[in-house]
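Heads up, the thing below is written out as structure tokens.
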Amino acid sequence: MDAGLHAQAYEDTALPIGHEQTISKPSVVARMIELLHKPKHPLGKVLEIGTGCGYQAAVLSLLADEVYSIERIRPLHDMARAKLRPFRINNLRLIYGDGILGLPQAAPFDGIILAAAGLGIPDALLDQLAIGGRLVAPVAKNEKEQQLVMVERMSSQRYQRTVLDGVFFVPLQSGVV
Ligand code: SAH
């Protein structure tokens with residue numbers, strides 16, 4: 001967190017990380033990663049959309065074999081890279097780009113987690129999910145409400161969707177800045 005927010009860093013609350021973005025509250029990060037993790041299946045390769053400050057990416061790197069995290073705001077990508085460098089996390093790749101397109105060159109993913117809410121789940125991400133893999137995302141129901149959605153890919157054509165808790169995330173936006 002910014003120096004000015006250090007006193008709040010351990011509170012279970014969303015906090016600003018600049019560029020009108022917020023880090024999700026830690027209990028929501030935990031809940032989403034828990035949903036991503038299929039019982040008795042190791043978390044192999046995971047894709048995160050929305051690196052932000054890099055916190056969730058760092059947590060994922062401790063639980064999955066390989067983590068790819070995409071951010072569309074250049075200064076946030078650069079900041080996360082600089083903050084995580086001293087930790088020398090060798091199974092984490094930070095990518096500057098539009099996460100709506102996913103990362104076809106590294107697909108398929110056993111888990112995909114979105115840290116920003118779209119009106120639906122981008123098709124590219126569903127395509128890049130491994131069979132048996134899970135995707136966890138906040139999805140906007142209308143202008144005010146969002147729901148956490150978990151999608152499991154059952155076969156090449158069949159996806160099972162479960163709607164869970166009400167949540168509040170920053171919007172998923174297309175393109176890079
Ligand atoms: N996981 C982050 C949370 C950051 S908030 C953390 O631990 O700090 C969500 C982030 O998603 C923002 O930084 C926002 O810029 C980013 N985002 C929104 N739409 C995106 C897109 N299409 N591709 C990549 N990142 C996106």
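The values are calculated or read from the model by the stated rules, or taken from the named source; none is laboratory data. What you see is a predicted model, and the numbers here were worked out from it, not measured in a lab. Reconstructed Cβ throughout: ideal geometry from the backbone, glycine too, with neighbour counts over all protein chains shown. Accessible surface is based on the protein model in full, side chains and every heavy atom, while ligands, DNA and RNA are left aside. Shrake-Rupley method; radii C 1.70, N 1.55, O 1.52, S 1.80 Å.
Some points to look at:
- Output for segment 124-151, where each listed residue is of a type outside the set (A, V, I, L, M) and under 16 Å from the mean Cα position of the chain (by Cα): Gln128, Gly133, Arg134, Pro138, Gln146, Gln147
- Test: residue in segment 102-109 that is among the aromatic types (Phe, Trp, Tyr) and within 14 Å of the ligand (Cβ to nearest atom): no
- Qualifying residues in segment 55-85 (those that are among the hydrophobic types (A, V, I, L, M, F, W, C), more than 19 Å from Pro16 (Cβ to Cβ) and under 10 Å from the mean Cα position of the chain (by Cα)) - the one nearest to the ligand (Cβ to nearest atom): Ile70
- The number of residues in segment 10-37 that are open to solvent by less than 40 Å² (accessible area, probe 1.4 Å) and touching a strand residue (DSSP E or B) at 6+ places or on another chain (Cβ under 8 Å) comes to 8.
- Of all residues in segment 141-158, those satisfying the criterion of being within 23 Å of Leu103 (Cβ to Cβ) and surrounded by 14 or more Cβ atoms within 10 Å (Cβ to Cβ) are Leu148, Val149, Met150, Val151, Glu152, Arg153.
- Residue among Leu135, Leu119, Leu101 that is surrounded by 20 or more Cβ atoms within 10 Å (Cβ to Cβ) and at negative phi: Leu135
- Some residue of segment 37-54 being within 21 Å of Val167 (Cβ to Cβ), of a type in the set (S, T, N, Q) and within 8 Å of the ligand (Cβ to nearest atom): yes
- If you go through segment 117-155 and keep only what is under 15 Å from Pro171 (Cβ atoms) and in contact with a helix residue (DSSP H, G or I) (Cβ under 9 Å, 6 or more places away or on another chain), you end up with Gly118, Pro122, Ala137, Pro138.
- Any hit, segment 122-132, residues being closer than 22 Å to Ala14 by Cβ and within 14 Å of the ligand (Cβ to nearest atom): no
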